[in-house]
Amino acid sequence: MHLEKHFDVDQGRDEVVEALCQEATLLALFGEGQSEVVERRADRITTRTHYTALGREGVATFHFDFLMDGNIRFEKVCDGRVWRSLRGEVEIAERKSGTRVRLELDGSTKSFVPEFTIKGPMEEQLAEMTNAMRERLTRG
């Protein structure tokens, strides 16, 4: 399954890259107050998010890798329940006026979980992530 969304902001590329690399921005992607940073390295931050889905509580761990070109790759540590793999990238591209931010997700579910059952919730999650990112980038 492949999903993507993008939006434009007035800030320059360097300003956007700086804002996206802040821990607060990464934590906001999954709902403020539900996530925490559990490990930091020079080019990687690992987060843990507590969530409830389909009436069940769970914990999701993500690794965010900061690339030399300013983009960010991330990957979910799959627990074997739903996802076989779930990866994504935040790509930042300078435009004539401002910057375009593109967020994409690529994932494959376990064989007993049909992708059509998870596509709707993942589209909602991507929209929430995009909105949170846009909000962090456009704050005064």
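Being basic (Lys, Arg) and either closer than 20 Å to residue 5 by Cβ or at pLDDT below 90 (or both) narrows it down to one residue among 48, 41, 102; which is it? Spell out the reasoning first.
On the way: 48 fails: either closer than 20 Å to residue 5 by Cβ or at pLDDT below 90 (or both); 41 fails: either closer than 20 Å to residue 5 by Cβ or at pLDDT below 90 (or both).
Being basic (Lys, Arg) and either closer than 20 Å to residue 5 by Cβ or at pLDDT below 90 (or both) holds for just one of 48, 41, 102, which is 102.
Residues that are of a type in the set (A, V, I, L, M) and open to solvent by 40 Å² or more (accessible area, probe 1.4 Å): does segment 110-131 have at least one? Break it down stepwise before answering.
Pass one, segment 110-131, residues of a type in the set (A, V, I, L, M): 113, 118, 122, 126-127, 129.
Pick out the ones that are also open to solvent by 40 Å² or more (accessible area, probe 1.4 Å) and you get none.
No, that holds for no residue.
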I'm told residue 57 meets every condition in (1) open to solvent by 80 Å² or more (accessible area, probe 1.4 Å); (2) within 22 Å of residue 134 (Cβ to Cβ) except one. Can you identify the failing condition by its number? (2)
Here are some residues: 38, 82. Which one is aliphatic (A, V, I, L, M), within 18 Å of residue 125 (Cα to Cα) and either in contact (Cβ under 8 Å) with a residue 12 or more places away in the chain or in contact with a Leu (Cβ under 7 Å, 6 or more places away or on another chain) (or both)? 82
How many residues of segment 73-108 are small (Gly, Ala, Ser), open to solvent by 20 Å² or more (accessible area, probe 1.4 Å) and over 20 Å from residue 12 (Cβ atoms)? The answer is 3
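From the list 27, 3, which residue is touching a residue at least 40 places away in the same chain (Cβ under 8 Å), under 17 Å from residue 129 (Cβ atoms) and among the hydrophobic types (A, V, I, L, M, F, W, C)?
Numbers: 27 fails: touching a residue at least 40 places away in the same chain (Cβ under 8 Å).
Of the residues listed, the single one that is touching a residue at least 40 places away in the same chain (Cβ under 8 Å), under 17 Å from residue 129 (Cβ atoms) and among the hydrophobic types (A, V, I, L, M, F, W, C) is 3.
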Please work out which one of (1) out of contact with any helix residue (DSSP H, G or I) (no Cβ under 8 Å at 6 or more places or on another chain); (2) over 16 Å from residue 1 (Cα atoms); (3) touching a residue at least 40 places away in the same chain (Cβ under 8 Å); (4) loosely packed, with under 12 Cβ neighbours inside 10 Å is the condition residue 135 fails and give its number. (1)
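I'm checking my understanding of the structure. Among residues of segment 8-36 that are hydrophobic (A, V, I, L, M, F, W, C) and part of a loop (DSSP other than H, G, I, E, B), which one is least open to solvent (accessible area, probe 1.4 Å)? Please lay out each step first, then the result.
Start the filter on segment 8-36 by keeping residues that are hydrophobic (A, V, I, L, M, F, W, C), which leaves 9, 16-17, 19-21, 24, 26-30.
Filter once more, keeping what is part of a loop (DSSP other than H, G, I, E, B): 21, 29-30.
Details: 21: 50, 29: 8, 30: 30 Å².
Out of the qualifying residues, it is 29.
Kindly indicate whether residue 65 is at pLDDT 85 or above, acidic (Asp, Glu), open to solvent by 30 Å² or more (accessible area, probe 1.4 Å) and under 18 Å from the mean Cα position of the chain (by Cα). Walk me through how you get there before you give the answer.
On the way: at pLDDT 85 or above: yes; acidic (Asp, Glu): yes; open to solvent by 30 Å² or more (accessible area, probe 1.4 Å): yes; under 18 Å from the mean Cα position of the chain (by Cα): yes.
For residue 65, the condition - at pLDDT 85 or above, acidic (Asp, Glu), open to solvent by 30 Å² or more (accessible area, probe 1.4 Å) and under 18 Å from the mean Cα position of the chain (by Cα) - is met.
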Unmet criterion (only one of (1) more than 16 Å from residue 122 (Cα to Cα); (2) touching an Asp or Glu at 6+ places or on another chain (Cβ under 8 Å)) for residue 8: (2)
Looking only at segment 37-47, decide whether some residue is under 18 Å from residue 131 (Cα atoms) and either in a helix (DSSP H, G or I) or in contact with a Lys or Arg (Cβ under 9 Å, 6 or more places away or on another chain) (or both). no
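The values are calculated or read from the model by the stated rules, or taken from the named source; none is laboratory data. None of the values given here were measured: they were computed from a predicted structure. Glycine also receives a Cβ, built like all others from the backbone with ideal geometry; neighbour counts cover every protein chain displayed. Quick note on the areas: whole protein, heavy atoms, side chains included, nothing else; ligands and nucleic acids left out. Shrake-Rupley method; radii C 1.70, N 1.55, O 1.52, S 1.80 Å.
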